[in-house]
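We did not get these values from a lab; they are worked out from the coordinates using the rules stated. These numbers were taken from a predicted model, which means no experiment stands behind them. Every residue, glycine as well, gets a Cβ built from its backbone with ideal geometry; the counts of neighbours run over all protein chains shown.
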Amino acid sequence: MKKLALILVMSVSGLSLFSSLSPAQHSHGGMSMGTPMKMDTKEVLVEGVKVTFQIMANEEHRKMLKDMKMKEDVDPGTTHNFTVTLKDEKTQREITNAEVNMKVIDPKGKDQIKPLKNDEMMKSYDAYFNLTDKGKYQVMILFKIGEQKRTAGIYYEIK
């Protein structure tokens, strides 16, 4: 009986965990477009700041921009959009006054470094990068809030 109760609790916990993660992978800035988008979302916590990385192929990003009736177009010669949101862990408020730079290192060790553009409306920072090779990419940001600098990073794989 105890075993059955434990299995039931674990199952319910697992379902609620996965259902809470699912919407985060198909939304951009909390807006629903009606059709699911192909976006990879990864989060890390750094010194009280929740850093969310959202990575989307340019084709998908173009569709999203068109659906939102936004005029922006993707940078020529790039394949992916990287969007970063910064949120204060205690207050849950987005941090929109940071300076953010991103470095993407491809599977061969070549890097691309760019400042991320602050998008006031979306409360995020973004830039376009060229990810042409299959394999694992290292993605790092250096962000400065006031005089305090922090770093965060993830790995992103193209199969």
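Observations on the model:
- Size of region 39-158 from its Cα atoms: along the principal axes, largest to smallest, the extents are 37, 37, 21 Å.
- Long pairs among LYS38/LYS144; LYS42/LYS87; LYS42/LYS114; LYS63/LYS87; LYS90/LYS123, criterion Cα-Cα beyond 23 Å: LYS38/LYS144; LYS63/LYS87
- Per-residue Cβ neighbour counts within 10 Å put MET140, MET56, MET121 in the sequence MET121, MET140, MET56, beginning with the fewest.
- Ranked for footprinting exposure by Cβ neighbours inside 10 Å, fewest first, ASP67, ASP111 give ASP111, ASP67.
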